[in-house]
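Everything below concerns the one structure shown next.
The values are calculated or read from the model by the stated rules, or taken from the named source; none is laboratory data. None of the values given here were measured: they were computed from a predicted structure. Cβ sites come from the backbone with ideal geometry, for glycine too, and all protein chains shown count toward neighbours. SASA here: full protein model, heavy atoms, side chains in, ligands and nucleic acids out. Shrake-Rupley method; radii C 1.70, N 1.55, O 1.52, S 1.80 Å.
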Amino acid sequence: MAGVIVLMAGLAVIFFSAYRDEYFALLARIPRGEILVLAGLILFFTGLGLLISRRVSSSSEKLLTPMRVLSPWWILGGFVAVIVSTYTATAVLTNVAGTDPALRLDAIKSGLTVGAGAAGGVALLLAVRRQWLGERTQTYQEYDATEKRITDLYSKAVDQLGSDKAGVRIAAMYALERLGRNNPEHRQSILDVICAYLRTPATDQRGGSSKQVEASKDGDGIECQERDDDGDHLDLEVRLTAQHILSRHLRSKLLYSWRSSNEIGGEDYWPGMKLDLTRAYLVNFDLSDCQVDSASFERAAFIGQTRFSGSSFQGRANFERAVFEGVADFGASKFSGAHFMGATFASAAIFQYADFRRESNFREAKFDSVDFQGSRFRTVRFDKACFNGEISNFRNTDFFAGYFGGVAFRSKLDLSEATFRGGVLFDGVHFSDSARFDDTFFGRASFRNSSFRGDASFVGVASRGIAYQMDPEAGGVHVDRSMRTADEGISAIQQLIRWLLVRRTASPPDIQYLEFNDVNFLGNVDFTDAGISGDGLSGATFPLGTSNIRVWPSGWRETTKGDGFGTIFSSSQTEEGEGDECCEEEH
């Protein structure tokens, strides 16, 4: 910027001197004009030199631009420029001087002076290049020395990680951290080394102690056991130090701007980092409120409490076949592709208000009490997952599409006030305990071949809600209950706005939204105020001779099926059957 200012100032002085009087007459008669022109030339070349030096310094900082050898044509061009400038200045000035011998002699002297100045300018440029080459060489030497020092420190720290003394390994961790703070371009490789240490088996092969985690999974539940022969406390301290370094440098300044300066995170945040903790052994792992580009925890063992609350994964987050022995907290976390296929949660799993922005996969996952309340899913798969524990809470959860085929709910299920914008499949699901779907809205839902062994509540369930225009494939979308009744505190203006923004006419009556065909209800069942039309409940069965309370949707009746079971049918089906019989009699 300074070079541009000086360059423009030089040009301004030159044009100003020419503007005040005739340029050549000013040179010949007024010494002040020569002074102004000289000052302008000095400023001009000074600005040009500053621009060149700025460009050179910026290129030397990158150390990527190869050095260009000065071509002989440039030297020849400079020589020609000196001759041309001398000849031109002499010719012009002698022409201005006329026939006066004294003036012509002065003109020749002035022309030679101009040539000398041009030669001096060329020499100055060559000197600048020579200085630049010297600075470039010095910069490369300093860079090589710095890289050599970093490599030496890096190598020593990595060697110290293999020491049999825990204190040496901890010192190596902090040495690597210091390298990362001072050299941002090496941060990813330093985190890779720390992750590699955490991926090593939790077995001290130097001292003979071992610590392993075994997860036994059977049909009745999930049991995680920790076998600790010696309990190498020092090795655990090293692992905790490594985990602390990861969490300290993955917490962003934005998330922790309200905390005091002595808290972890803040200016120590390293953006754009990737983690590879495949098969890692992690103890009380805390990555809460962190931002990670992508992370892999495939087959990792999480011992103790695990915290990912408030974390943000910009890329893929892979927890495939991971084992969580203690409480796993993913509350308010954000995923751009979450994969928990085959993961085992031996204790409570908390996903309250989590945001799954892309497709999520929980296939064959095993839960022991899980809480997804308030979470948002785009498309999620729970195929063949197993839900154990006391309760599986999906209350007020928002889905675009869900797949629960073959899921075993051995715990209580609460899916009240949930929203399935596109649709959901519960085909072949076994509900061993009570299941609540009160005030849940479905785009389309299928419960074919499912079994409800406990109480089932579908109070206020509906599948003919108002669909968003941006989702033309959805047959119905959850809207809160006030949209169906005008006397629950919603104003007429709000009703009109919702009507204009999200209203869509319902599909033809022959398209089923809720299908309970071949479903077996073994406990109490309640379909109060449920909107089910057509043959959505056709084939549903229930045991006879029990004291269970059964409340079916309006227009549905019970009948005996045989073998101690009953079934239900709708009034519309009865009328159609009677019509067919009349037709047969007429024939």
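Exactly one residue out of LEU176, LEU153, LEU112 is in a helix (DSSP H, G or I) and either over 30 Å from LEU198 (Cα atoms) or polar (S, T, N, Q) (or both), and it is LEU112. Which one is least open to solvent (accessible area, probe 1.4 Å) among residues in segment 298-318 that are assigned to a loop (DSSP other than H, G, I, E, B) and more than 22 Å from SER375 (Cα to Cα)? Filtering first and then ranking leaves ALA300. So is SER288 open to solvent by 10 Å² or more (accessible area, probe 1.4 Å) and of a type in the set (Gly, Ala, Ser) or not? When the stated conditions are applied, SER288 does not pass them. Scanning segment 412-434 for residues that are outside any loop (DSSP other than H, G, I, E, B) and acidic (Asp, Glu) yields one hit, ASP414.
Annotation note: of ASP439, ASP455, ASP398, the sole residue that is without any contact (Cβ under 8 Å) to a residue 60 or more places away in the chain and of a type in the set (Asp, Glu) is ASP439. Among residues of segment 343-365 that are within 13 Å of PHE387 (Cα to Cα) and touching a residue at least 40 places away in the same chain (Cβ under 8 Å), those with a Cβ under 7 angstrom from a residue that is in a loop (DSSP other than H, G, I, E, B) and among the β-branched types (Val, Ile, Thr), sequence gap 6+ or separate chain, pair up as ALA348/VAL327.
Residues in segment 319-334 that are at pLDDT 95 or above, among the small types (Gly, Ala, Ser) and open to solvent by 50 Å² or more (accessible area, probe 1.4 Å): none. Taken over segment 120-155, the residue count meeting the criterion of being in contact (Cβ under 8 Å) with a residue 60 or more places away in the chain, out of contact with any helix residue (DSSP H, G or I) (no Cβ under 7 Å at 6 or more places or on another chain) and under 30 Å from LEU176 (Cα atoms) is 2. Selection within segment 98-118: residues that are in contact (Cβ under 8 Å) with a residue 40 or more places away in the chain, out of contact with any Asp or Glu (no Cβ under 9 Å at 6 or more places or on another chain) and within 15 Å of SER85 (Cβ to Cβ). The member of this set that is surrounded by the fewest Cβ atoms within 10 Å (Cβ to Cβ) is GLY117. Residue-level analysis places GLY402 among those that are out of contact with any His (no Cβ under 8 Å at 6 or more places or on another chain), crowded, with 20+ Cβ neighbours inside 10 Å, assigned to a strand (DSSP E or B) and modelled with pLDDT of 90 or more. Among the residues of segment 382-391, which ones are part of a strand (DSSP E or B), on the phi < 0 side of the Ramachandran plot and at pLDDT below 95? Within segment 382-391, ASN388, GLU390, ILE391 meet the criteria.
For ALA171, the requirement of being open to solvent by less than 70 Å² (accessible area, probe 1.4 Å), small (Gly, Ala, Ser), part of a helix (DSSP H, G or I) and touching a helix residue (DSSP H, G or I) at 6+ places or on another chain (Cβ under 6 Å) is not met.
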